[in-house]
Amino acid sequence: SAMNCHLRTLIPLMVSYLVLSANLAWNNLLLGAALALGASALLPWGKGERECRGILAALPAILQYAVILGFDLIRSGIQVARIVLTPEMPIRPGILPVPSECRSDLGRALSAHAVNLTPGQLVVGMDDDGVMYTHCLDVTGALESLSRAQKVRERLLHRIFLSPP
């Protein structure tokens with residue numbers, strides 16, 4: 001039903017906000033819900049966008065996506081802190097093409113959002129085939145790890161939205 005589709009978008013948005021804010025006070029929960037509702041209102045809700053199944057079936061994938069995103073944020077934050085605190089600043093910045101298997105605009109947007117949240121990485125462009133051009137603070141070995149993380153996120157997004165990733 002349409003309500004399940006909306007909940008399946010609202011919950012990951014709200015969980016992402018709460019992970020980033022690290023504040024579970026009741027007023028922050030309300031703010032997270034309001035922001036998730038506002039962001040959800042901006043998304044296209046056409047019939048062909050995705051088929052939904054029950055929220056309970058998607059809950060394990062939603063939780064797994066939030067945990068993986070949280071770990072990626074922590075790991076990348078530590079890596080960036082190490083780079084910044086090293087006097088030589090051992091970086092090799094550059095832009096890498098990260099292919100995406102996502103066919104829906106929502107899937108591509110959520111994938112790019114996850115990359116943008118990760119310290120040291122920023123999607124600077126995306127072509128019509130879904131290739132995300134991502135600026136990395138250090139490109140040494142970054143393409144392999146970015147592609148691997150992208151595949152995991154896409155698999156989970158597919159399970160959450162039950163649509164082609």
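Just one of the listed residues (I74, I83, I68) is exposed (fewer than 13 other Cβ atoms within 10 Å of the Cβ), at pLDDT below 90, in a helix (DSSP H, G or I) and not acidic (D, E), namely I74.
With respect to (1) open to solvent by 50 Å² or more (accessible area, probe 1.4 Å); (2) free of Cβ contacts under 8 Å to residues at least 24 places away in the same chain, the lone exception for R92 is condition (2).
Of the residues in segment 112-120, at least one is among the β-branched types (V, I, T), touching a residue at least 24 places away in the same chain (Cβ under 8 Å), assigned to a loop (DSSP other than H, G, I, E, B) and under 23 Å from Y65 (Cβ atoms). Do we find a residue being modelled with pLDDT under 60 and assigned to a helix (DSSP H, G or I) anywhere in segment 30-47? Yes, that holds for at least one residue.
Every listed requirement among (1) outside any helix (DSSP H, G or I); (2) at pLDDT below 85; (3) within 19 Å of the chain's Cα centre (by Cα) is met by L24 save one, (3).
The values are calculated or read from the model by the stated rules, or taken from the named source; none is laboratory data. The structure presented is a predicted model; accordingly, all values stated were derived computationally and were not measured. Positions of Cβ are generated from backbone atoms using ideal geometry, with glycine treated the same way; all protein chains shown enter the neighbour counts. SASA here: full protein model, heavy atoms, side chains in, ligands and nucleic acids out. Shrake-Rupley method; radii C 1.70, N 1.55, O 1.52, S 1.80 Å.
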